[in-house]
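Peer 1: This is the structure I want to talk about, given as structure tokens.
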Amino acid sequence: MVIHSIGENVVQICFDEKALTFSFKKGNGKEWNWEKSYVPYMECENGKVLFGDAAEICHEPFHTGVGEGILSTYTGFENEGKTVPYTFQTLVWVENATGEVYCEWIPLREEGLEVKKVFWPGSMGFAEKREDWYTLLTHQQGMLVPNTWEVELESPSFEGFFGTAGAYMPWFAQVREREGYLAVCVTPWNAGYQAEHPAGGPYTRVSMRFEPSLGKIDYRRVVKYIFLQDCDYNDICKAYRNYVEEQGRLRTLEEKAVRNPAVNDLIGCSFLHKGIKTFVQPNSDFYAPENPEKNNHLTTFAQREQEIRQLHEMGVEKLYLHLDGWAEPGYDNRHPDYGPACEEAGGWEGMKSLADAMHECGYLFGIHDQYRDYYLTASSFDENFACRLPDGTIPQHQRWAGGPQSYLCATQAPHYVKRNFEELAKHGIELDCAYLDVFTCNEGDECDNPMHRMTRRDCYAYRARCFEYLMKNGILPSSEEVNDWAAESQVFCHYAPYDFMMRAPGSPKQAIPVPLYNLVYHDCVIQPWMMEKISEEEDYMLYALLNGGAPYLIRDAAYPNIDGVFDGGMEMKLEEDIRRAKVVSALHEKVGKCELVRHEFVDGNPQVQKSFFADGTSVLVDFQKQTYEIMYHDPEKR
């Protein structure tokens, strides 16, 4: 066994040349080791290929003016009985100025192996049954998994692919006895994480993987480790916020409000989610032949206008309406050729009257729209502009109401956005906001059509361009959830929930919910929160307050038991819904543009939590007693 040791002054890196594993130690802190059972490998078309199976392996010192490390080259692998010239390098080095460690996987010659996934770097050894050993996962709003947690961890949404609901931010972290590390995927567009925690522990494993882009690994993949001492999850989140700010990617709501002052009008609003027309095609997976009443229903624009005026009379001061199904032939149909305004519901005239009524009441108006699902029934559908995989296939399904669809190549999305929103303007529909569905929830798409070849990284840029077009034209952009790549352009979302909120009420929590996303981005994106009172033991209003978010006044589901809307729960009168929403709105009015500077478990009890905002406001929530206390900052008592 040959062990190389470098970086004695800042962070020490040790490399086991036989096991191909690393360990790291910062100053006088404890050593972090890749777990003993880990073996570096690639998942290929014909099975698993170990790094150690390379015909030639070479390790050499690496020195630059900014750091030092170990460069390893792996050449020649066996595939179907012959040696192929597939070659790659790994580079692990420490930046002397910061003590940050970079792990880089570098493809040199992609010939002879069809690599599907690269599982490297390895997971850290993390196997001691202690509550002060915990793992942080950025699955939706955030999860803290103590090594003692009694519930088995399930696979995250989208298998933990970065840029999805399974990972709002491209990092994970682990803390043991107040020493921790933050693992940031610097190249997150084709990468994700996998995590394992058995019921009761005593360990949690988490590691990253790299996946191909248009059929090849193609480019250098980089993970950065930041090692922290005397830290907790707050320090981890602030270290990541610092990383984002160093890149120039932190865009606060204060900055966005300079560009579009309507941001200030949205802060403190109650959110109202309603629809006009539902029409489920017979060839949709949602079609219910035995219950035809579930397939089609209609509410007119005039009826919605009447509801709006009623809410105004009942004392709702600030309101935002998100309107689904406003166009022909109904919700989730025929995109991107969505229109005209639903004739049965009152057409363009009825829609304009509703929008005008919203503004007359001092409210904000926005619509649901969609530029990813590419329906075969769209009049402009052309297979040449659907996303094409490297093998020439075009993915299709028929899950949603509109029936068979593929995916629109995002290179085309900005053009359709311009076309459609100019049409809305021609008919006098004055929009304050617009919701571009799924952009921030689903993974980026790729397209191998030579006319408009697009990587996932390109896809995210095209999606952001759609947001920017809306912002430039005075319309606040929204999407389904939130995401790191979108934070510069997105103003608000449909929700940014904890994982358990998307599961049926009563399901065991996969971890302790913690606001990891908000500890980084609270002052950058407005997030409305579910307000259902599930039972006397679970009230989602408490989470809305703890996170300093906006409230949902009414949230009608587009599909039954989808998107966190489930049957059951405690029914409340509209007057009570309004009263509760006003409490949350008043807090959001105060802290909507403030950084969430700290969150804590009071006396170490996860059932009693407290949030601290940059203006001095704090919120104390007791989930056992189902109580809350808001402590507004009084500047005269400074």
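Peer 1: Taking a threshold of 19 Å on the Cα-Cα distance, which of the pairs Lys318/Lys625; Lys256/Lys472; Lys509/Lys533; Lys352/Lys426 fall above it? Please report the intermediate quantities before stating the final value.
Peer 2: Numbers: Lys318/Lys625 30 Å; Lys256/Lys472 11 Å; Lys509/Lys533 17 Å; Lys352/Lys426 11 Å.
Table pairs above 19 Å Cα-Cα are Lys318/Lys625.
Peer 1: Roughly how many Å is it from the Cα centre of the stretch 49-111 to that of the stretch 450-488, as a whole number?
Peer 2: 34
Peer 1: May I pose another question? Please work out how much length the chain gains when fully extended from Met314 to Arg399, using 0.36 nm per residue of separation minus the C-alpha to C-alpha distance, in nm with one decimal.
Peer 2: Details: separation 85, 0.36 × 85 = 30.60 nm, distance 3.90 nm.
Full extension of this stretch gives 26.7 nm more.
Peer 1: What's the ranking of 39-51, 519-531, 203-215 by average number of surrounding C-beta atoms within 10 Å, highest first? Mind dumping the intermediate values first?
Peer 2: Working: 39-51: 15.6, 519-531: 26.0, 203-215: 19.9.
Result, highest mean first: 519-531, 203-215, 39-51.
Peer 1: Per residue of the chain, what 222 nm ellipticity follows from adding -39500 (n - 2.57) for every DSSP H run with n ≥ 4, rounded to the nearest 500? It would help to have the intermediate numbers written out before the result.
Peer 2: Working: 11 runs with 118 residues, N = 638.
Calculated at 222 nm, the ellipticity per residue is -5500 deg cm²/dmol.
Peer 1: Which of the residue pairs Lys48/Lys216; Lys26/Lys238; Lys30/Lys129; Lys26/Lys610; Lys238/Lys593; Lys25/Lys117 have a Cα-Cα distance greater than 21 Å in the structure shown? Walk me through the numbers on the way to the answer.
Peer 2: On the way: Lys48/Lys216 17 Å; Lys26/Lys238 19 Å; Lys30/Lys129 17 Å; Lys26/Lys610 31 Å; Lys238/Lys593 17 Å; Lys25/Lys117 28 Å.
Exceeds cut-off: Lys26/Lys610; Lys25/Lys117.
Peer 1: Something else about it: In straight Cα distance, which lysines are under 22 Å from Lys294, not counting same-chain residues fewer than 8 positions off?
Peer 2: Here the lysines satisfying the reach criterion relative to Lys294 are Lys274, Lys277.
Peer 1: While we're looking at this one, here's another question. May I ask you to give the percent of accessible area on the chain that is carbon plus sulfur, with a probe radius of 1.4 Å? Display every interim value, and only then the final one.
Peer 2: Details: 11900 of 25310 Å².
Ligands and nucleic acids excluded, carbon and sulfur give 47 percent.
Peer 1: Which distance in nm do the two modelled labels at Glu17 and Gln89 give, with both placed 7 Å along the Cα-to-Cβ direction?
Peer 2: For Glu17 paired with Gln89, the spin-label model returns 1.8 nm.
Peer 1: Name the residue from His522, Gly315, Gln140 whose Cα lies farthest towards the positive end of the charge dipole of the chain, charges +1 on Cβ of Lys and Arg and -1 on Cβ of Asp and Glu.
Peer 2: Toward the positive end, the furthest listed residue is His522.
Peer 1: Same structure, new question: So what's the Cα pair-distance distribution over the stretch 1-103, bin width 10 Å, in %?
Peer 2: Taking all Cα pairs of the stretch 1-103, the binned fractions are 14, 42, 29, 12, 2 percent.
Peer 1: Over the C-alpha atoms of the stretch 183-271, what are the Rg and the largest Cα-to-Cα span, Dmax, in Å?
Peer 2: 18.7, 51
Peer 1: Another question, if that's okay. Over the Cα atoms of the stretch 316-425, what Rg and Dmax result, in angstrom?
Peer 2: 16.0, 55
Peer 1: Under 12 Å from a label point 7 Å along Cα→Cβ of Asn561: give me every residue in the stretch 479-519 with its amide N that close.
Peer 2: Only 504-505 fall inside the zone, counting backbone N under 12 Å.
Peer 1: For the stretch 474-536, take the alpha-carbon Rg, divide it by the Kirkwood Rh, and send me Rg/Rh. Could the numbers behind the result be given before it?
Peer 2: Working: Rg = 13.4 Å, Rh = 13.2 Å.
Taking Rh as the inverse mean 1/r over Cα pairs, Rg/Rh reads 1.02.
Peer 1: Within the stretch 399-414, whose backbone N sits under 14 Å from a point 7 Å along Cα→Cβ of Met451?
Peer 2: 408-413
Peer 1: With a Förster radius of 45 Å, plug the Cβ-Cβ distance of Val602 and Lys82 into 1/(1 + (r/R0)^6) and report the FRET value to the nearest 0.05.
Peer 2: Once the sixth-power term is evaluated, E becomes 0.10.
Peer 1: In the neighborhood of Gly568, defined by Cβ-to-Cβ distances under 15 Å, what is the net charge if each Lys or Arg adds +1 and each Asp or Glu adds -1? Intermediate values should be presented prior to the final figure.
Peer 2: Details: positive: Arg503, Lys533, Arg555; negative: Glu532, Glu536, Glu537, Glu538, Asp539, Asp567, Glu571.
Computed value for this residue: -4.
Peer 1: Measure of size requested: the Rg and Dmax of the stretch 252-384, with Cα atoms as the atom set and Å as the unit; please supply both.
Peer 2: When restricted to Cα atoms, the stretch 252-384 yields Rg and Dmax of 17.0, 53 Å.
Peer 1: Here is a follow-up. How large is Rg/Rh for the stretch 526-638, to two decimals, with Cα atoms and a Kirkwood Rh?
Peer 2: On the way: Rg = 14.8 Å, Rh = 15.0 Å.
When Rh is taken as the Kirkwood radius, the ratio is 0.99.
Peer 1: I need the peptides 263-274, 66-77 ranked by packing, meaning the mean over residues of other C-beta atoms within 10 angstrom, with the highest value on top.
Peer 2: Details: 263-274: 22.2, 66-77: 18.9.
Result, highest mean first: 263-274, 66-77.
Peer 1: Starting from the eigenvalues of the Cα gyration tensor, five times each then square-rooted, give me the equivalent ellipsoid semi-axes of the chain, largest first, whole Å. Walk me through the intermediate numbers first.
Peer 2: Working: eigenvalues 375, 194, 90 Å².
Taking √(5λ) for each eigenvalue gives 43, 31, 21 Å, largest first.
Peer 1: Quick check for you: with a 1.4 Å probe and neighbouring chains kept, what is the accessible area per residue of the stretch 433-475, in Å²?
Peer 2: Numbers: 1550 Å² over 43 residues.
That works out to 36 Å² for each residue.
Peer 1: If you don't mind, another one. Grab the beta carbon distance between Asp382 and Ala461, set R0 = 22 Å, and tell me the FRET efficiency rounded to 0.05. It would help to have the intermediate numbers written out before the result.
Peer 2: Numbers: r = 23 Å, r/R0 = 1.03.
FRET efficiency, Asp382 to Ala461: 0.45.
The values are calculated or read from the model by the stated rules, or taken from the named source; none is laboratory data. Note that the structure is predicted; figures quoted are calculated from it, not measured. So basically every Cβ, Gly included, is an ideal-geometry build from the backbone, and we count neighbours across all protein chains shown. Each accessible area value is taken on the protein alone, full model and side chains, heavy atoms only, with ligands, DNA and RNA left out. Shrake-Rupley method; radii C 1.70, N 1.55, O 1.52, S 1.80 Å.
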